[in-house]
1. Taking only DSSP H segments of four or more residues, each worth -39500 (n - 2.57), what value at 222 nm results for the chain once the sum is divided by all its residues, to the nearest 500 deg cm²/dmol?
2. Evaluate the Debye formula for segment 4-50 with equal point scatterers sitting on the alpha carbons, no solvent, and hand back log10 of I(q)/I(0) at q = 0.14 Å⁻¹, in q order, two decimals.
3. Around Leu141, with a cut-off of 10 angstrom between Cβ atoms, what is the net charge of the other residues, counting Lys and Arg +1 and Asp and Glu -1?
4. For Asp282 and Arg420, calculate 0.36 nm times their separation in residues minus their Cα-Cα distance, and state this gained length in nm to one decimal.
5. Between Tyr46 and Glu208, what FRET efficiency follows from the Cβ-Cβ distance if R0 is 45 Å, with the result rounded to 0.05?
6. Measure out, as a whole number of angstrom, how far apart the alpha-carbon centroids of segment 305-366 and segment 373-406 sit.
7. So, in Å, what gap is there between the alpha-carbon centers of segment 179-197 and segment 228-304?
8. Using the Cα centre as the reference, give the magnitude of the dipole from point charges on the C-beta atoms of segment 140-202 (Lys, Arg: +1; Asp, Glu: -1; all else neutral), rounded to the nearest 20 debye.
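Rule-based calculations on the coordinates, nothing more; no lab input. If you're wondering where the values come from, they're calculated on a predicted model, not measured in any experiment. Positions of Cβ are generated from backbone atoms using ideal geometry, with glycine treated the same way; all protein chains shown enter the neighbour counts.
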Amino acid sequence: MSDFAELHYNGEVIKLPVIEGTENEKALDISKLRGQSGLITIDPGYKNTGSTKSAITFLDGEKGILRYRGYPIEQLAEKSSFLEVAYLIIYGELPSKEDLARWEKDITYHTLIHEDFRTLLEGFPSNAHPMGVLSSLVTSLTAFYPESLDPVRSADEVRMNIVRLLAKLPTLAAWAYKNEIGQPLVYPLNSLDYGGNFLRMMFATPAEDFRADPVVTTSLNKLLILHAEHEQNCSTSTVRIVGSSHASLYASVSAGINALWGPLHGGANQAVIEMLEAIREDGGDTAKYLAKAKDKDDPFRLMGFGHRVYKNFDPRARIIKKAADDVLSKLGVNDPILEIAKHLEEAALNDPYFVERKLYPNVDFYSGIIYRALGIPTNMFTVMFALGRLPGWIGQWKEMRENNEPIGRPRQVYTGENERDYVDMAKR
Ligand code: SDX
């Protein structure tokens, strides 16, 4: 197998190195192409372009494989905890018993946020979407921890910035929700685990405390693990490029939250439920919505279907679909939109339009059904995705800084006007 490719252009032969990863993926290194040929490449949406080398996640879209630091997500989802997986993603190895205990303790003892965040929250109207509130509050962390603005001052400082963000994001998310519904804020309780603490801050009131059912905290743990990392997706690429300017971790993650918000990305889990509700209100006419999804003149897409990389089943969707059945039956929840989702999936997987385009359910197709069963309101679904994806954003940001990667600055092909002179107003 050749370790270079030849580009024949304008009578010149340009040799381009081919690099190979540890899973035999190959890439054409074009880092010197412009200097050698004057040419750049163009690839809208970066469908064929790698932005970096990374040792964090391996996924194979054709085979439906997803591994964090070499560990299959099926095993991690079954056997690990979200904080242990966060440590693995960020530091590269499963923690020792002592390291995990210190990691969990540090995160537990940094869940409280400054009282002035209450004033910030009061400034948002009650109809503010929690994702916009969350990204604002995460950026605001730089005001309360100005030392985070020099994010790589020391390994201890980096760890402190990371611990604070992992610890405080659930509190910020729950407070954004309480502020939206006009209920008193609930403070973290150190005696609870990560998921149980978040759910209590979401659902406890002064009138009645709240403890999540173990079925609920177990399924939440699994969902957070399945959302934790996914290599160079839109929001993670956003975190990396913002961080490449040496912006702080908090500023970079805030940008990632905003990228995730879009309905083509993490916002899809909210859009899936809204779609399934619309189908239910329309008498469960799945055929009508499949036809809309296939109609090029109709902007409607089958939300939760299709993926840039997975051209086979999204392995996360498989696990979440099974978890949805388990959780709903254990909680005794009979949600009619689960049946609509299954019917829609079956119809789509037998429809040539979806089969030819290799469109399968993705991570967002069933996750909202579980969130609903856990009592999470629909407009908080993408916030749940952000809580899960935080370790991935942190790990990728840290890798990018540790590798001293250059500031991200793509080129372009100009298609505008050629040079022309200014026209005085009198002559226009
Ligand atoms: C996530 O990248 C990641 O890793 C993301 C993520 C992560 O963990 O970070 O996995 C999380 O974002 C999952 C995706 C959630 N989004 C949705 O469910 C929204 C619905 N899906 C699509 O909009 C779409 O499938 C994308 C955005 C996910 C992928 O789009 P691509 O790769 O750019 O594919 P495309 O738009 O070029 O589509 C190829 C063809 C087109 O038809 P043709 O022009 O060939 O005729 O498939 C069609 C598209 O119209 N198509 C769909 C469709 N998705 C693609 N048609 C109907 N319904 C859909 N959902």
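1. Only helices count here, giving -16000 deg cm²/dmol.
2. -0.39
3. It works out to a net charge of +2.
4. 44.1 nm
5. Working from the Cβ atoms, E equals 0.35.
6. Cα centroid to Cα centroid, the span is 22 Å.
7. 27 Å
8. In debye, rounded to 20, segment 140-202 gives about 160.
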